[in-house]
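The values are calculated or read from the model by the stated rules, or taken from the named source; none is laboratory data. All figures in this text were calculated on a predicted structure; none of them were measured in a lab. Note that we place each Cβ from the backbone using ideal geometry, even for glycine, and neighbour counts take in every protein chain shown. The accessibility values were calculated without ligands, DNA or RNA, using every heavy atom of the protein model including side chains. Shrake-Rupley method; radii C 1.70, N 1.55, O 1.52, S 1.80 Å.
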Amino acid sequence: MPTMPQKLLSTLSVLVAFVAVMLLPAATQAQEQKVIKVGTLKLIHAITPYFYQQFAPPGYKIEVIPFESPTDGKNAVVTGTVDFGTFGIAAAMLGAAAGEPVVVIAPQCNAGMAIVAGAKSDIANVKALKGKKVAIWPGSTQEVVILERLKAEGMTIKDIQPIRLPFSDMAPALARGDIDAYVGAEPGPGISLANGTGKIVEYPYSTPIGSLNMVWATRQELIDKNPELVKVMMEMHRKATEFALANRSEMVKMTMQKLGQQQKSIELALPNVQLTWQIDDVFVTRAKAYGQLMLEKKQIRELPDFDKFINAKFMPAAVAVKK
């Protein structure tokens, strides 16, 4: 006849087996879940990936990894640290022109840039930047834009004092008086406006590249090996972009949560942010113009092969693209 301890052990064994059986489906599901790593930047116009999970098919988990530098984001895509990433067209172009397998599969955002000066300064236009300390992030879309704007005003980079600063450091540096102006990305300009330390000199969209700014990309190897995944992610990107555009309050909330910014600065920045997802004729034309500017300024030695660099095959059939 079993003793009391033996009965207790037997009962516990049954309970353990029952719990294991009950947990088995959840464990199996976790093992089968496909984790997709997506890189983004700490900017308002790079907020879209944080909405991807809402539109992910069953079995997909989106892991968003933030980067400070567009170059770091691009390198993460090229090396496979992330599967997809969003960063400036400049970083993408630099990589593609150097033979790296970075491929643009969609735009991410237009605009989002601004030339900002101290609120009490006498800097009212680009010409007034002459001799001033101006923060610029090398290798960024903004760098090409400011070089082109200076050229239009009969100036060169030698006419200003360029200060190397990442985007997130620009608004604080201006507030401290460390710099006179910066060529930044949102939410920087919105922060400078909200705290009263800065003023907008110009939204620099008068160049041949217009408001072209950020792209969404992957690497050629992933396209070759798993085009179905790219197709699934493209649909997520489209839906997330359209959701953010249609639900500005949700976009503000997500930006506050992920970037730690105040609502006022975000709301001041949003009119300067144009989320997008379509590769169309305008995008291709501006991208080619951008590449030409980089070539002229000797930032790249040769143009990338645009037929490989921009891949529109994952666009919905309704989006017409001519290359």
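Would it be correct to say that GLU68 is in contact with a Pro (Cβ under 6 Å, 6 or more places away or on another chain), among the acidic types (Asp, Glu) and at pLDDT below 95? Yes.
Residue pairs whose Cβ atoms lie under 7 Å apart, separated by 6 or more positions or on different chains, with the first residue in the stretch 202-218 and more than 16 Å from ALA92 (Cβ to Cβ) and the second outside any strand (DSSP E or B) and of a type in the set (Gly, Ala, Ser), are TYR205/SER211; PRO208/ALA289.
Of all the listed residues (GLY99, GLY131), the sole one being open to solvent by 10 Å² or more (accessible area, probe 1.4 Å) and under 30 Å from LYS313 (Cα atoms) is GLY99.
Among the residues of the stretch 222-256, those identified as of a type in the set (S, T, N, Q) and touching a residue at least 60 places away in the same chain (Cβ under 8 Å) are THR241, THR255.
Within the stretch 144-163, being assigned to a helix (DSSP H, G or I) and within 20 Å of PRO208 (Cα to Cα) holds for VAL144, VAL145, ILE146, LEU147, GLU148, ARG149, LEU150, LYS151, ALA152, ILE157. Just for the stretch 210-257: of the residues that are among the aliphatic types (A, V, I, L, M) and open to solvent by 20 Å² or more (accessible area, probe 1.4 Å), which one is nearest to LYS34 (Cα to Cα)? Applying the filter and picking the extreme gives VAL232. Taken over the stretch 153-177, residues that are under 23 Å from the mean Cα position of the chain (by Cα) and either open to solvent by less than 10 Å² (accessible area, probe 1.4 Å) or farther than 25 Å from VAL252 by Cβ (or both) amount to 6. Of all the listed residues (THR86, THR71, THR141, THR81), the sole one being under 22 Å from LEU212 (Cα atoms), in contact (Cβ under 8 Å) with a residue 40 or more places away in the chain, open to solvent by 20 Å² or more (accessible area, probe 1.4 Å) and among the β-branched types (Val, Ile, Thr) is THR71. Here PRO138 passes the criteria (1) within 19 Å of PHE167 (Cα to Cα); (2) at pLDDT 95 or above except the one numbered (2).
Here ASP180 does not qualify as more than 15 Å from MET113 (Cβ to Cβ), within 21 Å of the chain's Cα centre (by Cα) and surrounded by 15 or more Cβ atoms within 10 Å (Cβ to Cβ). Among residues of the stretch 44-59 that are over 16 Å from THR255 (Cβ atoms), those with a beta-carbon under 7 Å from a residue that is open to solvent by 50 Å² or more (accessible area, probe 1.4 Å) and of a type outside the set (Val, Ile, Thr) at least six positions away or on a different chain give the pairs PHE55/LYS239; GLY59/GLU32; GLY59/GLN33; GLY59/LYS34. Selection of the stretch 250-300 for residues being small (Gly, Ala, Ser) and on the phi > 0 side of the Ramachandran plot yields only GLY260.
The set of residues in the stretch 36-65 being over 29 Å from GLY184 (Cβ atoms), open to solvent by 20 Å² or more (accessible area, probe 1.4 Å), of a type in the set (A, V, I, L, M, F, W, C) and in a strand (DSSP E or B) is empty.
Just for the stretch 162-216: of the residues that are in contact with a helix residue (DSSP H, G or I) (Cβ under 6 Å, 6 or more places away or on another chain) and β-branched (Val, Ile, Thr), which one is nearest to LYS258 (Cα to Cα)? The selected residue is ILE191.
Considering ALA269, ALA287, the condition of being closer than 27 Å to MET234 by Cβ, touching a residue at least 24 places away in the same chain (Cβ under 8 Å) and touching an Asp or Glu at 6+ places or on another chain (Cβ under 8 Å) is satisfied by ALA269 alone. Report yes if some residue within the stretch 164-179 is under 24 Å from ILE300 (Cβ atoms), out of contact with any strand residue (DSSP E or B) (no Cβ under 6 Å at 6 or more places or on another chain), in a loop (DSSP other than H, G, I, E, B) and without any contact (Cβ under 8 Å) to a residue 60 or more places away in the chain; otherwise report no. No; the residues of the stretch 164-179 include none that is under 24 Å from ILE300 (Cβ atoms), out of contact with any strand residue (DSSP E or B) (no Cβ under 6 Å at 6 or more places or on another chain), in a loop (DSSP other than H, G, I, E, B) and without any contact (Cβ under 8 Å) to a residue 60 or more places away in the chain. Against the list (1) open to solvent by 10 Å² or more (accessible area, probe 1.4 Å); (2) modelled with pLDDT of 95 or more, the condition THR207 fails is (2). Within the stretch 243-266, the set of residues being modelled with pLDDT under 95 and of a type in the set (Asp, Glu) is empty.
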